[in-house]
Amino acid sequence: MTKSFEDLPKTYSSNDVEKKWYKKWEGEKYFAPKAGKTGESFCVIMPPPNVTGILHAGHALDITTQDALIRFKRMKGYETLFLPGMDHAGIATQSKVEELIWNEEKKTKHDYSREDFLKKIWEWKEQYGGVIANQQKVMGASCDWDYSMFTMDPEANDAVKRAFVTLYNEGLIYQSDYIVNWDPKLQSAISDAEVDHKEINGAFYHILYSVKDSDIKLEIATTRPETLLGDTAVAVNPNDERFAHLIGKKAIVPLCNREVPIVGDEHVDIEKGTGCLKVTPGHDFNDFDIGKRHNLEIINILNLDGTLNEHGLEWQSLPCKKARKGVVEKLKELELFVKEEKHVHQVGHGERSGVVIEPMISKQWFVDVNSMAKEAVERVEDDTTRFYPKGWENTYFAWLREPKNWCVSRQLLWGH
């Protein structure tokens, strides 16, 4: 039956047209790799979106840009593959599910068995994973969906295990008690890349530390007075004429009355602050390095949820911020508090949890990135790898010329 012009829709419906043609393209395998006239191949591996919800405008820009490259190469006669997939995103997905069960049932993950909680996460994945794939199809992404893989699929899981064992056998993965970024809400270690540094209004608290067997009192400024409960040294610069003669003597940590050594370390800036530095190796990255250089004791004052543990004296079980107020009041009472100076400074927050990150000693798995970073830098320096625009080289070099070994373990129920 022939349709007349009158039967045509009065307005163009992109939804109807796109659904019709995408279904045809997908059904007839138009997106599968096929040999082209150039005899060359071209592949884009989709950076897999997390199954933490629906896609946003940033994903749309990313996917359509990649798809434009694929379609251009396909039309030029290349054998092309746009390889799709989705990422399980351990921390992010588990956080979303924890938020969901709290909002709906006022329960935490601890109210479930491991099996039941993982079942909840898989239900989330099935719901949002399907939505994400459909959104990509609506955008017209010309992926070969037969190749689609989820990072918790058996093949991917097996590949992760094999890579882990291989890197371990090569000495590139190791386990160590080391200071890490600890997220007290997620109760997991996270990497440097998962920490957002935000400016907050804080203060320098000036505190007096006595030198043993003398009338000398050292004025020390800190933004976190509660951490003095974990102090195991006071550091001064050996070139500082004001304090060099004290190196080797003992200082008394206020409140806990712990005797600690006064050490000489050039990390201490003579021109900055008071010239004296309290050293808390268990809760500060720079202090941890000083502790290693001087073989200092490491004291952990925190529970996994960020509250003070048995070293917290009368402030045990309080979160740091509340303990800070009590510590300052006690120092004032003992006439060991000098002053408080308002100060704006950068504080690390969990990218996903939003809470203040606590540096903490923990047994974790790390990747030794130094040899890889060295080669990666050399490839840019010899122009094998190029940045566009070139200025981004500076950011790249800033990360890779002095890399920190990468913490790869997470204290999660969901993931590899």
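The values are calculated or read from the model by the stated rules, or taken from the named source; none is laboratory data. Not measured: the values here are computed from a predicted model. Using ideal geometry, Cβ is built from the backbone for each residue, glycine included, and neighbour counts are taken over all protein chains shown. Note: accessible area is taken over every heavy atom of the protein model, side chains too, but ligands, DNA and RNA are not part of it. Shrake-Rupley method; radii C 1.70, N 1.55, O 1.52, S 1.80 Å.
Overview of values
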{"quantity": "Total residues in the range 215-245, condition under 17 Å from D269 (Cβ atoms) and not hydroxyl-bearing (S, T, Y)", "calculated": "16"}
{"quantity": "Which numbered condition V260 fails, given (1) open to solvent by less than 10 Å² (accessible area, probe 1.4 Å); (2) touching a residue at least 60 places away in the same chain (Cβ under 8 Å)", "calculated": "(2)"}
{"quantity": "Output for the range 212-236, where each listed residue is surrounded by fewer than 16 Cβ atoms within 10 Å (Cβ to Cβ), of a type outside the set (K, R) and farther than 24 Å from N300 by Cβ", "calculated": "D213, S214, D215, I216, E219"}
{"quantity": "Matching residues, the range 293-312, being open to solvent by less than 50 Å² (accessible area, probe 1.4 Å) and farther than 15 Å from D231 by Cα", "calculated": "G306, T307"}
{"quantity": "Of residues in the range 313-365 being among the acidic types (D, E) and open to solvent by 60 Å² or more (accessible area, probe 1.4 Å), the one nearest to D183 (Cα to Cα)", "calculated": "E351"}
{"quantity": "Subset of the range 57-69 that is buried (at least 17 other Cβ atoms within 10 Å of the Cβ) and not acidic (D, E) - its residue that is nearest to G90 (Cα to Cα)", "calculated": "H59"}
{"quantity": "Residue pairs meeting the criteria (Cβ under 7 Å; at least 6 apart or on separate chains; first outside any loop (DSSP other than H, G, I, E, B), in the range 292-311; second surrounded by 18 or more Cβ atoms within 10 Å (Cβ to Cβ) and small (G, A, S))", "calculated": "H294/A233; L308/A323; H311/G230"}
{"quantity": "Test for V377: is it touching a helix residue (DSSP H, G or I) at 6+ places or on another chain (Cβ under 6 Å) and either of a type in the set (A, V, I, L, M) or open to solvent by 40 Å² or more (accessible area, probe 1.4 Å) (or both)", "calculated": "yes"}
{"quantity": "First in the range 226-244 and over 21 Å from F288 (Cα atoms), second anywhere and assigned to a loop (DSSP other than H, G, I, E, B) and open to solvent by 10 Å² or more (accessible area, probe 1.4 Å), Cβ under 6 Å, 6 or more apart", "calculated": "D240/I270; A244/P238"}
{"quantity": "Residue list for the range 388-406, restricted to those being under 18 Å from the mean Cα position of the chain (by Cα), surrounded by 14 or more Cβ atoms within 10 Å (Cβ to Cβ) and not in a loop (DSSP other than H, G, I, E, B)", "calculated": "Y396, W399, L400, W406"}
{"quantity": "Residue satisfying all of: in the range 34-84; free of Cβ contacts under 8 Å to residues at least 60 places away in the same chain and among the basic types (K, R); nearest to S148 (Cα to Cα) among these", "calculated": "K34"}
{"quantity": "Subset of the range 70-96 [part of a helix (DSSP H, G or I), open to solvent by 30 Å² or more (accessible area, probe 1.4 Å) and touching a helix residue (DSSP H, G or I) at 6+ places or on another chain (Cβ under 7 Å)]", "calculated": "K96"}
{"quantity": "Residue within the range 102-111 that is aromatic (F, W, Y), buried (at least 17 other Cβ atoms within 10 Å of the Cβ) and not in a strand (DSSP E or B) present", "calculated": "no"}
{"quantity": "All positions within the range 112-122 that are among the hydroxyl-bearing types (S, T, Y) and either in contact (Cβ under 8 Å) with a residue 60 or more places away in the chain or surrounded by 14 or more Cβ atoms within 10 Å (Cβ to Cβ) (or both)", "calculated": "Y112"}
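Let's see how each residue does on (1) within 16 Å of M139 (Cβ to Cβ); (2) among the basic types (K, R); (3) open to solvent by 40 Å² or more (accessible area, probe 1.4 Å); (4) at pLDDT below 95:
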{"position": "E18", "(1), (2), (3), (4)": "yes, no, yes, yes"}
{"position": "K23", "(1), (2), (3), (4)": "yes, yes, yes, yes"}
{"position": "G27", "(1), (2), (3), (4)": "no, no, yes, yes"}
{"position": "K37", "(1), (2), (3), (4)": "no, yes, yes, yes"}
{"position": "F42", "(1), (2), (3), (4)": "no, no, yes, no"}
{"position": "I45", "(1), (2), (3), (4)": "no, no, yes, yes"}
{"position": "N50", "(1), (2), (3), (4)": "no, no, yes, yes"}
{"position": "L55", "(1), (2), (3), (4)": "yes, no, no, yes"}
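Table: residues versus (1) touching a Ser or Thr at 6+ places or on another chain (Cβ under 9 Å); (2) at pLDDT 95 or above; (3) aromatic (F, W, Y); (4) at positive phi.
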| residue | (1), (2), (3), (4) |
| --- | --- |
| T227 | yes, yes, no, no |
| G230 | yes, yes, no, no |
| P238 | no, yes, no, no |
| F243 | no, yes, yes, no |
| I247 | no, yes, no, no |
| E297 | yes, yes, no, no |
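Residue-wise test of (1) over 39 Å from the mean Cα position of the chain (by Cα); (2) part of a loop (DSSP other than H, G, I, E, B).
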| position | (1), (2) |
| --- | --- |
| T11 | yes, yes |
| D16 | yes, no |
| K20 | yes, no |
| K23 | yes, no |
| E26 | no, no |
| A32 | no, yes |
| G36 | yes, yes |
| V44 | no, no |
| P48 | no, yes |
